[in-house]
Amino acid sequence: MANPSWLTVSQGTAPLLVSIPHTGIDLAGLEPRLVSPWLGRRDCDWWIDKLYDFANDLGATVVHTAISRTVIDVNRDPSGASLYPGQATTTLCPTDTFDGDPLYRMGEEPTPSEIDQRRETYFKPYHAALRAEIGRLRGMHEEIVLYDCHSIRSVLPRLFEGTLPVFNLGTNDGKSADPVLQDKVAAILAATGESWVVNGRFKGGSITRGFGQPQEGVHALQMELSNRGYMREPSEKGSPENWPVPYDATYAAPIRATLKTILETAIDWAKS
């Protein structure tokens, strides 16, 4: 059965599956119910699909959704349970932004039955695609790496204190990937001279935690990048006039080179 138009699966043969769950800007007809379409798209992982567009050339398989995380966040627990108990975070079908600004006009928030429908329409097909590609790749390789791509604004007081490191590698506290692979990626980050952390504020979402099963040959990494690492991020939280900043390939080139090294290292590790 063909994938829906919003779900793109580009198949490769390398032992690497790249997940891009948060670059979608399709609001699925919600615009009249939102405070503004711009607000509905503000927390998008801007330009991550462009930043990693070399992945296909490495032989990776890439799964991408065009649906906005405002409609449904395919990297949250489908039951709605918090991934970070005790800390501020957005939900499966968010009703506010990372800054705490309401997304919906009064009385237009999604109902429980609507959330169920969105889960069936968008969440389940995305995870089914990941599951299918993991099965296909595991049929070809003894070990594979699932690499989940993310980015976020560098300063978000509601979510974390201070300024986030440029590179935030998550392996669910070491449960979702072999420690040798984690250490290889950490060494690449250390060599950049940029700020970095492993399993800091962002340890991995539903995708990393759910699919990362090292004992079954599936090693999941989440990479959360601070926006300033690849774009000229405004110092404030941004406005329709200055956010998002257009993608600048020259500005993004240094971090892109690091990310390519990480994916190449993951492939080599899996093959060996």
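Annotations
- Residue within the stretch 219-229 that is open to solvent by 30 Å² or more (accessible area, probe 1.4 Å) and either among the hydroxyl-bearing types (Ser, Thr, Tyr) or closer than 24 Å to Leu17 by Cα (or both) present: no
- Residues (under 21 Å from Ser206 (Cα atoms) and open to solvent by 10 Å² or more (accessible area, probe 1.4 Å)) located in the stretch 165-179: Asn172, Asp173, Gly174, Lys175, Asp178, Pro179
- Scanning the stretch 103-155 for residues that are in contact with a Ser or Thr (Cβ under 8 Å, 6 or more places away or on another chain) and among the aromatic types (Phe, Trp, Tyr) yields Tyr104, Tyr122, Tyr126, Tyr147.
- From the options Gly217, Gly212, residue that is in contact with a strand residue (DSSP E or B) (Cβ under 7 Å, 6 or more places away or on another chain) and under 20 Å from Asp73 (Cα atoms): Gly212
- Pairs, first touching a residue at least 24 places away in the same chain (Cβ under 8 Å) and charged (D, E, K, R) in the stretch 17-34, second open to solvent by 60 Å² or more (accessible area, probe 1.4 Å) and outside any helix (DSSP H, G or I), C-beta under 7 Å, six or more apart: Arg33/Arg105; Arg33/Glu108
- Filtered by the rule that a residue be farther than 17 Å from Pro4 by Cα and either open to solvent by 10 Å² or more (accessible area, probe 1.4 Å) or without any contact (Cβ under 8 Å) to a residue 12 or more places away in the chain (or both), the stretch 45-68 gives Trp46, Trp47, Asp49, Lys50, Asp53, Phe54, Asn56, Asp57, Leu58, Gly59.
- Any hit, the stretch 178-194, residues being under 17 Å from the mean Cα position of the chain (by Cα) and of a type in the set (Gly, Ala, Ser): no
- Set Arg136, Arg158: member being outside any loop (DSSP other than H, G, I, E, B) and open to solvent by 40 Å² or more (accessible area, probe 1.4 Å): Arg136
- Of all residues in the stretch 180-218 being open to solvent by 40 Å² or more (accessible area, probe 1.4 Å), in contact with a helix residue (DSSP H, G or I) (Cβ under 6 Å, 6 or more places away or on another chain) and in a helix (DSSP H, G or I), the one that is farthest from Arg131 (Cα to Cα): Thr192
- Filter pass, Ala28 being on the phi > 0 side of the Ramachandran plot and over 14 Å from the mean Cα position of the chain (by Cα): yes
- Selection within the stretch 1-35: residues that are among the polar types (S, T, N, Q) and in contact with a strand residue (DSSP E or B) (Cβ under 9 Å, 6 or more places away or on another chain). The member of this set that is least open to solvent (accessible area, probe 1.4 Å) is Ser19.
- Boolean, Leu83 is at pLDDT 95 or above and open to solvent by less than 30 Å² (accessible area, probe 1.4 Å): no
- When residues of the stretch 236-248 are limited to those that are open to solvent by 60 Å² or more (accessible area, probe 1.4 Å) and without any contact (Cβ under 8 Å) to a residue 24 or more places away in the chain, the one nearest to Leu146 (Cα to Cα): Pro246
- Test: residue in the stretch 231-253 that is of a type in the set (A, V, I, L, M), closer than 23 Å to Arg153 by Cβ and assigned to a strand (DSSP E or B): no
The values are calculated or read from the model by the stated rules, or taken from the named source; none is laboratory data. Predicted model, so just to flag it, every value in this text is computed and none were measured. Reconstructed Cβ throughout: ideal geometry from the backbone, glycine too, with neighbour counts over all protein chains shown. SASA here: full protein model, heavy atoms, side chains in, ligands and nucleic acids out. Shrake-Rupley method; radii C 1.70, N 1.55, O 1.52, S 1.80 Å.
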